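*Asks:* Please read through the structure below; I'll follow up with questions.
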Amino acid sequence: MDRTFVMVKPDGVARGLIGEMVSRFEKKGLRLVAARLEKLPEKRVMEQYREHLEKPFFPSLRHYITSGPVFLMVWEGKSAVTVVRALVGATNPAEAAPGTIRGDFALDIGRNVIHASDSPESAKREIALHFTQEDLCSYKRVDEAVLYE
């Protein structure tokens, strides 16, 4: 099974969308193996968004992502990164298909309610940044026999 990292951003938390998002991933058949609500410390924000540090939008991104609590999650399942990215939708909500999380709940790229790892490598890095091995729970869903061949 593959794992991926997902974060409900401060606007998604403030709008009460955590349950809706968790429900969509669970209904798809993914397994939630770790979750935590917290306000991100500056050090982890800098590491989470390290590829954007020199970009002109980074100061506003840093302000936004530290403006309130986020909901951090690790999801597990076959092709988890690809499956979650499809459920989340395009980064720019104006391009996100209806039925995706961003397509249904976001209007602006700067307030797009959710982050999801874009590759298995990013998922591994982001999971390790926010969770320890001890934080990750292992279990089987009762419906796994009908989810996978």
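*Asks:* Report the residue count in the range 53-81 for those that are exposed (fewer than 13 other Cβ atoms within 10 Å of the Cβ) and assigned to a helix (DSSP H, G or I).
*Replies:* Number satisfying all stated conditions: 3.
*Asks:* Determine, yes or no, whether F5 is within 12 Å of the chain's Cα centre (by Cα) and in a helix (DSSP H, G or I).
*Replies:* no
*Asks:* Any chance the range 24-46 includes a residue that's in contact (Cβ under 8 Å) with a residue 40 or more places away in the chain and closer than 18 Å to R111 by Cα? So that I can check it myself, show each step before the final result.
*Replies:* So the first thing to find is which residues in the range 24-46 are in contact (Cβ under 8 Å) with a residue 40 or more places away in the chain, and the list is 24-25, 28-34, 36, 44.
Now narrow it down to the ones that are closer than 18 Å to R111 by Cα: none.
No - not one qualifying residue is present in the range 24-46.
*Asks:* Looking at (1) under 12 Å from the mean Cα position of the chain (by Cα); (2) surrounded by fewer than 19 Cβ atoms within 10 Å (Cβ to Cβ); (3) part of a helix (DSSP H, G or I), which one does K27 not meet, given that it meets all the others?
*Replies:* So K27 meets the others, but not (1).
*Asks:* Being more than 15 Å from the chain's Cα centre (by Cα) and closer than 29 Å to K43 by Cβ is the filter here; which residues of the range 110-141 pass it?
*Replies:* Matches in the range 110-141: G110, T132, Q133, E134, D135, L136, C137, S138.
*Asks:* Can you tell me which residues in the range 96-149 are surrounded by 14 or more Cβ atoms within 10 Å (Cβ to Cβ), out of contact with any Ser or Thr (no Cβ under 9 Å at 6 or more places or on another chain) and of a type in the set (V, I, T)?
*Replies:* T100, I101, V113, I114
*Asks:* What number of residues within the range 104-149 are free of Cβ contacts under 8 Å to residues at least 24 places away in the same chain, within 19 Å of V13 (Cβ to Cβ) and in a helix (DSSP H, G or I)?
*Replies:* Within the range 104-149, residues that are free of Cβ contacts under 8 Å to residues at least 24 places away in the same chain, within 19 Å of V13 (Cβ to Cβ) and in a helix (DSSP H, G or I) number 1.
Just so you know, all these numbers are worked out from the coordinates, no wet-lab data involved. In this text, all values refer to a predicted model and were calculated from it rather than measured experimentally. Heads up, the Cβs are rebuilt from the backbone with ideal geometry, glycines too, and the neighbour counts pull from every protein chain shown.
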